[in-house]
Amino acid sequence: MRSLLLSSLLTLTSALSLEDLYVSEAPSSPRPYILPHYENSHAVTIDSQLYRFTVTGPSSDYAFTLMSTNAPSSGSLGVLPHIHRTHYENFFSFKGRFQLWAQHGDGEQEARLLTQGDFGSVPRNTTHTFQILDPDTEMVGIIVPGGFEDLFYALGTNYTSGTDTPYVPGSGNSSSSSATGPDSSTISNLQQYDVYAQLDFTPRRDLVNGSAPSDSGWHTESNTLGEPTKPYFIANNYGPKYLNSQYGAYQIVQPLVTATQAQDTNYTLSTIILSRQQTSITAPTWNATSGPVAFEVLEGSVQVQIGGYPTARLEMGDVAFVPAGVAYRYWNEAAYAKVLYVSSGNEGVDGKLITGGKTWADPVWPKY
């Protein structure tokens, strides 16, 4: 019986192919998968904005949603101001520029101009909105819990492309004076999707060097992770950093959301910079014990091996998803790579690398 079971497991493992790992849209239930950059991924358009959903509520067992927004520059807000009472939303600049506003309760309204690699945290009950500023901008959204994509499915128009163009060319309207997305009457009736309009919110325009208030040290000095329930911003490579060299490569973890900020939303979010893996040392195997995880490649390329599937190579913008309880490995075979990493629960790889590492001042590893 034991030999029969072993034979069955070996047959199942050998039957898993690399082709099976790749999908064109997030699955309807949790399973390992890789979604290449700009695949249709159940995409929808809302005016000039194109939304793709690389991890959804169903694909992550409602742990988190990972999505991208591609759009041309606009002279208007990307969405009218609103809050979420259930969802914790995060904005990461993959490329281009966009402006993000956030205000919690009676606190001061803050605004930042985000460029590539910058991050903004928008906890629940925080009024926020954004505006796309560059002709080719891509925002990555990380939203906890999962399922927030239902809002876009309800509002958007299904989109397909034979060329995987980032967004529909010629769709921009930089001279528009009204907000892109749902109008005031529509957004005021979206409470079923955890969207509560804040139409009396006036976004401030007094930014100095990309920041308001102007004394925030944006792109000039170190940024710190914010207090729970309050919005905060981390400029690219200006946040806290930790160097780990335990596993045959240097890894520099830059936490964006830790258990302290997430509180009962129960997730972590970081970027991880990777040096080349030493050929004499095999990259470690991790297990998604506290919940599913996802990687999105920001720079370079990364090798991943998930469960019994063969090793895959992720290029810039590709997303890999690992369900809860599944073993996985990742490493870099080139000179440099950087990924965005999200983990459900507070026992993700980012936290383990921080615990086994040391505080570090630079976004590069040592000379020797």
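The values are calculated or read from the model by the stated rules, or taken from the named source; none is laboratory data. All figures in this text were calculated on a predicted structure; none of them were measured in a lab. Cβ: placed from backbone, ideal geometry, glycine included. Neighbour counts: every protein chain shown. All accessible areas refer to the heavy atoms of the entire protein, side chains included, with ligands and DNA or RNA removed. Shrake-Rupley method; radii C 1.70, N 1.55, O 1.52, S 1.80 Å.
Given (1) free of Cβ contacts under 8 Å to residues at least 40 places away in the same chain; (2) more than 26 Å from Ala259 (Cα to Cα); (3) assigned by the TED database to the domain that holds Thr258, identify the lone condition not met by Thr355.
(2)
Would you be able to say whether some residue in the range 149-157 is crowded, with 19+ Cβ neighbours inside 10 Å and closer than 20 Å to Val257 by Cα?
no
Do we have Lys230 as open to solvent by 10 Å² or more (accessible area, probe 1.4 Å), in contact (Cβ under 8 Å) with a residue 40 or more places away in the chain and touching a His at 6+ places or on another chain (Cβ under 7 Å) here? So that I can check it myself, show each step before the final result.
Numbers: open to solvent by 10 Å² or more (accessible area, probe 1.4 Å): yes; in contact (Cβ under 8 Å) with a residue 40 or more places away in the chain: yes; touching a His at 6+ places or on another chain (Cβ under 7 Å): yes.
The answer is yes for Lys230.
Farther than 29 Å from Ser344 by Cα, open to solvent by 10 Å² or more (accessible area, probe 1.4 Å), among the charged types (D, E, K, R) and without any contact (Cβ under 8 Å) to a residue 40 or more places away in the chain: which single residue out of Asp106, Asp134 fits that description?
Numbers: Asp134 fails: without any contact (Cβ under 8 Å) to a residue 40 or more places away in the chain.
Sole residue among the options that is farther than 29 Å from Ser344 by Cα, open to solvent by 10 Å² or more (accessible area, probe 1.4 Å), among the charged types (D, E, K, R) and without any contact (Cβ under 8 Å) to a residue 40 or more places away in the chain: Asp106.
Among the residues of the range 186-218, how many are surrounded by 12 or more Cβ atoms within 10 Å (Cβ to Cβ), part of a loop (DSSP other than H, G, I, E, B) and in contact (Cβ under 8 Å) with a residue 24 or more places away in the chain?
Within the range 186-218, residues that are surrounded by 12 or more Cβ atoms within 10 Å (Cβ to Cβ), part of a loop (DSSP other than H, G, I, E, B) and in contact (Cβ under 8 Å) with a residue 24 or more places away in the chain number 12.
Identify, please: which residue in the range 33-66 is open to solvent by 10 Å² or more (accessible area, probe 1.4 Å) and among the hydrophobic types (A, V, I, L, M, F, W, C) and is, among those, nearest to Phe152 (Cα to Cα)?
Checking each candidate, the answer is Ile46.
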